[in-house]
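So the structure is just underneath, and the comments pick up after that.
The values are calculated or read from the model by the stated rules, or taken from the named source; none is laboratory data. This is a predicted model, so every value here is computed, not measured. Cβ placement follows ideal geometry from the backbone for every residue including glycine, while neighbour counts extend to all protein chains displayed.
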Amino acid sequence: MSTTSALRRSSGLPARILKTLLVLAVAVTVLYLNETISTTVLNKAYSHGLSQPSSLSKPLRPCVRNPFISSLSTTAANATGYMRSWLQTVTKRERDLVAAGQHHDHTRFRAFEQYSDCERACVGGICGEDESKIVCGLSQLRASCVVYSIGGNNLWAFEMDLLKKTSCDVHTFDCTGPIERFEVPKHPRLHFHHVCIAATSALSHTDPSMHGTQKTFEEILQNLGHRSVDLLKMDIEGYEWPLIYDWYEMNQLQRSNYPMPMQILVEVHYRTGMRDLAPTDKRDFKFATDMIQLQSSLLKMGYFTAVNAPNPHCQHCTELTLLRMLC
């Protein structure tokens, strides 16, 4: 006996109506399954660094509480207008960069186009030296300011110069190697933590070089009682990629409530010696399309590239200074 006949006998409805209802039920089931599968695939893609469409994001507002914005050589309106224009032309930018950025040089870093300069100050040494970082609007840092430095590798030029030039409290985070190897300078406003700030997805990874603990950025803020960070510096040999994408995902979930730094100083790499990021330091692990993707995520979080300074001593490295224009 067919399904339709059985249903007709039990319900008393005409066969034609029952067939129509059965077809509709099957169609609804197929649509539901397709939607479920699509959502699962997208969620997996987002967890691996794929930026969600900007239409899914809550519109950000001008970050009026960021004191560094006044150091730009253009207006905040011009800067945010450029950010929106960049995202609207991302397809062409990606196509052009893929065509040009195939060589082992700084070309692929053109994704982080510097639209405007800022009032610069080199902290940690002479401009261009490896430990030196470019800060925008250093004079805007006031008493009670908070600075995080990630990945110092027992080098303290940046911290000591910043302590000399500002009244900020500086917190340095590094868990690579035993705590005994770190020779922390004595200063009442310098605080060392044998901790690595890691992406949520990396907390379960076991890297033999990491002897200290790993915590997320948000956990660090909560543990130290900081509501926000004025300036964050990181040079972590490729780990900036999963960390920034983790911040992007958290920012999407919490919208404008996620406590992102007002200014970020970061060296971006497309080659790395870290084995869980790439099999060998002689092989690229990020390409032109990845640069476009990273810049898209930064812009959607509200970050404007104020400085893009390619490292003359490293063809796969560039120094970025990012200001939070929208929050």
Practice prompt. Collect the residues in segment 63-82 that are under 14 Å from T305 (Cα atoms), of a type in the set (A, V, I, L, M) and out of contact with any Lys or Arg (no Cβ under 9 Å at 6 or more places or on another chain), keeping them in residue-number order.
Written response: L72, A76, A79
Item to complete: May I ask you to verify whether Y245 is in contact with a Gly (Cβ under 7 Å, 6 or more places away or on another chain) and over 17 Å from D174 (Cα atoms)?
Response: yes
Worksheet item: Quick check: is even one residue across segment 179-200 touching a residue at least 40 places away in the same chain (Cβ under 8 Å), under 19 Å from D290 (Cβ atoms) and surrounded by fewer than 20 Cβ atoms within 10 Å (Cβ to Cβ)?
Response: no
Practice prompt. Given the conditions (1) surrounded by fewer than 17 Cβ atoms within 10 Å (Cβ to Cβ); (2) not in a helix (DSSP H, G or I), report the number of the one that K164 does not fulfil.
Written response: (2)
Item to complete: Can you give me the number of residues within segment 150-171 that are of a type in the set (S, T, Y) and either closer than 18 Å to H211 by Cα or not assigned by TED's automatic domain parsing to the domain that holds C122 (or both)?
Response: 0
Worksheet entry | Breaking point among (1) assigned to a loop (DSSP other than H, G, I, E, B); (2) under 21 Å from E237 (Cβ atoms); (3) in contact with a helix residue (DSSP H, G or I) (Cβ under 8 Å, 6 or more places away or on another chain), for G128 | (3)
Discussion item. Can you tell me how many residues within segment 220-251 are more than 24 Å from Q293 (Cα to Cα) and of a type outside the set (A, V, I, L, M, F, W, C)?
Written reply: 7
Fill in: Lone qualifier among L298, L265, L253 - being of a type in the set (A, V, I, L, M), farther than 21 Å from V90 by Cα and either in contact with a helix residue (DSSP H, G or I) (Cβ under 8 Å, 6 or more places away or on another chain) or crowded, with 21+ Cβ neighbours inside 10 Å (or both)
L265
Practice prompt. Scan segment 236-245 and give yes if some residue there is farther than 13 Å from I150 by Cβ, surrounded by fewer than 16 Cβ atoms within 10 Å (Cβ to Cβ) and not small (G, A, S), otherwise no.
Written response: no
